[in-house]
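Notes to accompany the following structure.
Every number in this text was worked out from the coordinates using simple rules, so none of it is lab data. Note that this is a predicted model, so its numbers are computed, not measured. Here the Cβ positions follow ideal geometry from the backbone for every residue, glycine too, while neighbour counts run over all protein chains shown.
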Amino acid sequence: MSAPKKKNFQIEAFKHRVVVDPKYAEKTWKILEHAIHEIYNHNASGLSFEELYRFASSFFLFKIFFWRCCYLL
C-alpha cells in the first residue's frame, strides 16, 4: 500500500466583488456630524458611543481605501 497523498492548502481570493453604497461616505458623515452637535449641546444621553466608534473607524478605513484605489493608480 502506498502512503496517501497530502493535499496542498491554498487560499484563494474572493470570487465576488464587494459592492459599496455610493452614498456611504455622505450618510456616515451625516450621522457623525449629528452626534458631534449632540455632544456639543450636552445632549449625548441618546447616543451609542460603540456605534459611533464603529461608524468613525469604518468611515476612516473607507476614506483610506478610496484614496489608495482612486488616487494612486
Residue by residue, what Karplus-based ³J(HN,Hα) values in Hz, rounded to whole numbers, does the stretch 52-58 have, using 6.51, -1.76 and 1.60 with θ = phi - 60° and x for Gly and Pro? 5, 4, 5, 4, 5, 5, 5
Table column - 3J(HN,Hα) (Hz), the stretch 36-48, Karplus curve with 6.51, -1.76, 1.60, x for Gly and Pro: 5, 5, 5, 5, 4, 8, 6, 10, 9, 5, x, 8, 9
Long-range HN-HN contacts of LEU47 with modeled amide H, under 5 Å: none
FRET efficiency, 1/(1 + (r/R0)^6) with R0 25 Å, evaluated for PHE60 and GLU38 via beta carbons: 0.80
Excluding PHE55 itself, calculate the net charge of residues whose Cβ lies under 15 Å from the Cβ of PHE55, where each Lys or Arg counts +1 and each Asp or Glu counts -1. -1
Would you mind ranking PHE59, PHE9, PHE49 so that the residue whose beta carbon has the fewest other beta carbons within 10 Å leads the list? PHE9, PHE49, PHE59
Could you pull out every one of the lysines with an alpha carbon less than 28 Å from that of LYS7, ignoring same-chain neighbours closer than 8 positions? LYS15
